[in-house]
1. Nearest 10 degrees is fine. How inclined is helix 8-32 to the longest principal axis of the chain, computing both from alpha carbons?
2. Which of rounded, prolate or oblate describes the range 1-113 when judged by the alpha-carbon gyration tensor and an a/c cut-off of 1.5?
3. Starting with the fewest neighbours, write out Leu158, Leu138 ranked by other beta-carbon atoms found within 10 Å of each beta-carbon.
4. If the range 8-186 were replaced by its equivalent ellipsoid, with semi-axes equal to the square roots of 5 times the Cα gyration tensor eigenvalues, what would those be, largest first, whole Å?
5. What ranking do Val126, Val62 get, fewest neighbouring Cβ atoms within 10 angstrom at the top?
6. Across all directions of projection, what mean area in square nanometres is found for the Cα convex hull of the range 95-168?
7. Measure nothing fancy, just the Cα-based angle from helix 37-50's long axis to the longest principal axis of the chain, in degrees from 0 to 90, nearest 10.
8. For a label point 7 Å from the Cα of Ile61 along Cα→C-beta, name the residues of the range 23-51 whose backbone N is under 12 Å from it.
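Only the coordinates and a few stated rules stand behind these numbers; no lab work does. Treat the numbers as computed from the prediction; the structure is a model and nothing was measured. Cβ atoms come from the backbone with ideal geometry, glycine included; neighbour counts cover every protein chain shown.
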Amino acid sequence: MENTTYSKVYRIIHWSIAISFMLLLITIFLRLTWMNKYNVAAIIQDYLSDTGQNLSQDQLIVLAKKIRQPMWNWHIYIGYVLVGLFSVRFILPAFGAMKFQNPLDKNLTTKNKVQKWTYIIFYICVIVSLITGLIIELGPKEFKKPMEEIHILGIYYLLAFIGIHLAGVLIAEFTDQKGIISRIISGSKKKD
């Protein structure tokens, strides 16, 4: 099997997207765990109880949301960065860089077809997440709730894709594409 070399542009886009997705996952993880509005509200209530003060549950939730808002703003900023990165990713093939491969090509092996389809499905899911995120932030308020319901599902495809991608890379590294990890980092083959 022919070993692919990765251009500097390809590697920069790849790693920028990967880092952005990891940062998004961190913000989601924090929002669902330690920075959950109910957890933060409980911490505030514990503190206020010790000082003889009290707030209603609604007031505590409002305060908790305000405390965690800067962290959530990072989720939004990183989303904008991803819109830019994916725009570049989809424009580059017009300039002969980072071409998309046709999964319907009859010359591809079954394994390569599955890989190509996995990426197409991933790209479609990312586009849906980015569009719903933009509508949530910039669109009409009446679309916010239904778009949030769709947008939240993004964590499932993202975690699944990361698992599949890492497994595929490791399998390739230890079977027919030795040095693939070195090439995606440095752009050249690993020296034996």
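1. Taking Cα atoms only, the helix is inclined about 30 degrees.
2. Prolate, because a/c is 1.5 or more and a/b exceeds b/c.
3. Numbers: Leu158 19, Leu138 7.
Lowest count first: Leu138, Leu158.
4. Values: eigenvalues 324, 70, 41 Å².
Listed largest to smallest, the semi-axes of the range 8-186 are 40, 19, 14 Å.
5. Working: Val126 21, Val62 14.
Least crowded to most crowded, the residues run Val62, Val126.
6. Working: hull surface 27.1 nm².
That works out to 6.8 nm², a quarter of the Cα hull's surface.
7. Helix 37-50 and the main axis of the chain meet at about 30 degrees.
8. 37-39, 41
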